[in-house]
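Notes to accompany the following structure.
What follows draws every value from the coordinates through simple rules; no lab data is involved. Because the structure is a prediction, the values reported are computed rather than measured. Using ideal geometry, Cβ is built from the backbone for each residue, glycine included, and neighbour counts are taken over all protein chains shown.
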Amino acid sequence: MLSKWKSLVVPMIIASAPALALAQRPDQKSSRLSLAEFKELKAKLDIKNQPWARIPWQVSLTEARELAAKTKKPIFMAVGTGNPLGWG
Amino acid sequence: MGIRAIFLNNPKVAELLRTRFVCYALDNVVNPQMTGAEKEWLKDRGGRACTGGTSVFTAGGQVLPHGANWDPSGPNLFAKHQDAMIRGLNAALSKYHPEKAPQINKPDPKQLAEVVRRPFAGGLALFATYTVLEWKEPLNLDEQWRHSLNRVYEKAIPACPGVDRVWTRKEEAGALAAGTFPEKLKQRLALHVAYGMGGKSKVKAVDLTLRAGRLTGSFLLEDGERADVLGFIESKDGKIRRFEVIVKGIGTGGCPCGGLGPLHVLPKGKKAPVAIAFMLADPQTNLGRVPPHSARDLDRPVLKGNH
């Protein structure tokens, strides 16, 4: 029974080998990331969906002071060893 | 990363900051983006912080105490920290009185041009963002790094992607618009991929194909892990209108500090799926103007060339 199974399956694998090789040609390669996964990860990684990114940040001290004087608001400063809007 | 994840990303804190304050972010070590005179003015207003911190002051320079130095404890630490920040910000607002005509000296333009880095004219600014996926085991942060904020980090950081920037030159943006992915840009993305996967293993091979606006392929790391890529890069009238590239691979925990974002919470040596995105930012906006950080030592000429 087993030898009969082998006699059917092994030739099928051998026959499909060129097709598998073709599927992995550099110009035909496909990503293991699906479009559905791409969309899901994009939503998770898009900073537009993060509350901190909706604050109108200033990155120049002088411009922040000028804006604060004009709009009559205090300045909140976030400081880090790296920009708090990035690595810090 | 901690300030952004714990406080700035809290919807109530963010809304209070958005509506009642002018918000300013400073990297006071690597890229301060300010002149000597600006540094001097700021030093007694929070500019001397050696790690992360927050400060509130007026345009004229009056510091408004907001109780940033707290030490809450107990099971509701996460809520207590955020409540403390909201109480502190409201306390600062209650003490705020607008000055009539605060003296604000304009920085010397020549000095400013020497210290402020801007995205390349005609180039692209990209956000590089990192997150850890599917991590379900106990984090046990105390075992690797005892810190009073660990309980807070465990909840806040996984919800807040790490973020950095990638800038491209005008020629690179032009090549992309013409359908070619520049080799140097591939290498710069590879720096972020290696960093985002834990930083211990470099990328040894990049195999990316851009065809009809679709980017596919992978980054192969020295440890044998392969990070897969799917992206879409589209242009109109010679300008890039869409740049959305997602990379997914296996990251390794180990560094409890820096900009890795959610990789903070991966115990040392533990592996988990990691996703990294490269997405278009507007170089004219302040978020797009924040200079790249994590690749700074490896790709310094790119930044220097922007002066």
Once the in-chain neighbours fewer than 8 apart are removed, the lysines whose Cα is under 17 Å from residue B:202 read B:184, B:186, B:248, B:271
When the charge dipole of segment B:1-67 is computed with +1 on Lys and Arg Cβ and -1 on Asp and Glu Cβ about the Cα centre, the Cα farthest towards its positive end, among B:56, B:9, B:29, belongs to B:9
Once the in-chain neighbours fewer than 8 apart are removed, the aspartates and glutamates whose Cα is under 19 Å from residue B:80 read B:15, B:71, B:154
Classified through the alpha carbon gyration tensor (a ≥ b ≥ c as square roots of its eigenvalues; rounded if a/c is under 1.5, else prolate when a/b is larger than b/c, else oblate), segment B:82-126 comes out oblate
Magnitude of the Cβ-charge dipole (Lys and Arg +1, Asp and Glu -1) of segment B:146-213 about the Cα centre, nearest 20 debye, reported as 240 debye
In whole Hz, the Karplus estimates of ³J(HN,Hα) for segment B:278-284 (6.51, -1.76, 1.60; θ = phi - 60°; x where Gly or Pro) are 10, 9, 4, 10, 8, x, 7
Taking every residue of B:229-235, the Cβ atoms of other protein chains inside 10 Å of its Cβ average out to 3
Sequence order, segment B:154-165: Karplus ³J(HN,Hα) from phi using 6.51 cos²θ - 1.76 cosθ + 1.60, θ = phi - 60°, Hz rounded, Gly and Pro as x, gives 4, 8, 7, 5, x, 8, 10, x, x, 9, 9, 10
